[in-house]
Amino acid sequence: MNFVIAQEIDWKAEKSTRALQCFIDKLVVKINEREYGSGIEHIYIGFICIKLPTGYEEWYKERKPIFRKVQKLTLLNGQQEELKNVFSYDIKLSDTEFDVFISSEKDGIELFFNKLITSLSHFDSPSMKKRKFNSNAFKDDMQRFIGEVQNA
């Protein structure tokens, strides 16, 4: 399993996202240690934490969930890499949520985890259920870790 959460951030959110990154790193390590089946080998979640001025909203649109049997990447050195069974989607904060996120590190982390837990519903879609992937175990592990962090 290759699990990644990538952040696209506004400079105003730098302090909260720095604190959040510690928890994301721990979550990634825990999830990458587990096997959930060969139906999904790579999960990429983008976290868009940017408050844009009016008229620029199109610059950072939330990408809908997509499953790719094969995804070809061109690396910076020009080499091509081929990934199999890739599932990706984005979590984007509204302007109001962005203001809450930057208000304090604790509120920011809690908001992110709530959005992440809500986003796990993407694994319940009919197209995902036909994959050889134990989505229930994946969601349980995510919720367990988030619960441990929130109770600490």
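So, Asn77, is that one farther than 24 Å from Gln21 by Cα and either polar (S, T, N, Q) or assigned to a helix (DSSP H, G or I) (or both) or not? Against the criterion (farther than 24 Å from Gln21 by Cα and either polar (S, T, N, Q) or assigned to a helix (DSSP H, G or I) (or both)), Asn77 qualifies.
All conditions but one from (1) farther than 26 Å from Ile50 by Cα; (2) modelled with pLDDT under 85; (3) under 17 Å from the mean Cα position of the chain (by Cα) apply to Lys139; the one that does not is (2).
Scanning segment 80-94 for residues that are within 19 Å of the chain's Cα centre (by Cα), not in a loop (DSSP other than H, G, I, E, B) and not aliphatic (A, V, I, L, M) yields Lys84, Asn85, Phe87, Ser88, Tyr89, Asp90, Lys92. Return the pairs, sorted by first residue and then second, in which the second residue is among the polar types (S, T, N, Q), the first residue lies in segment 29-52 and is on the phi > 0 side of the Ramachandran plot, the beta carbons are less than 7 Å apart, and the residues are 6+ apart or on different chains. Close Cβ pairs (under 7 Å, with a partner that is among the polar types (S, T, N, Q)) amount to Gly37/Asn134. Determine if segment 22-31 includes at least one residue that is more than 22 Å from Asn136 (Cα to Cα) and either outside any helix (DSSP H, G or I) or hydrophobic (A, V, I, L, M, F, W, C) (or both). Yes.
Restricting to segment 11-25, name every residue that is among the β-branched types (Val, Ile, Thr) and free of Cβ contacts under 8 Å to residues at least 60 places away in the same chain. Spell out the reasoning first.
Quick first cut of segment 11-25, residues among the β-branched types (Val, Ile, Thr) only: 17, 24.
Correct list: Ile24 only.
The values are calculated or read from the model by the stated rules, or taken from the named source; none is laboratory data. As the structure is a prediction and not an experimental result, all values here were calculated from the model. No Cβ is skipped: glycine too gets one built from the backbone with ideal geometry, and neighbour counts run over all protein chains shown.
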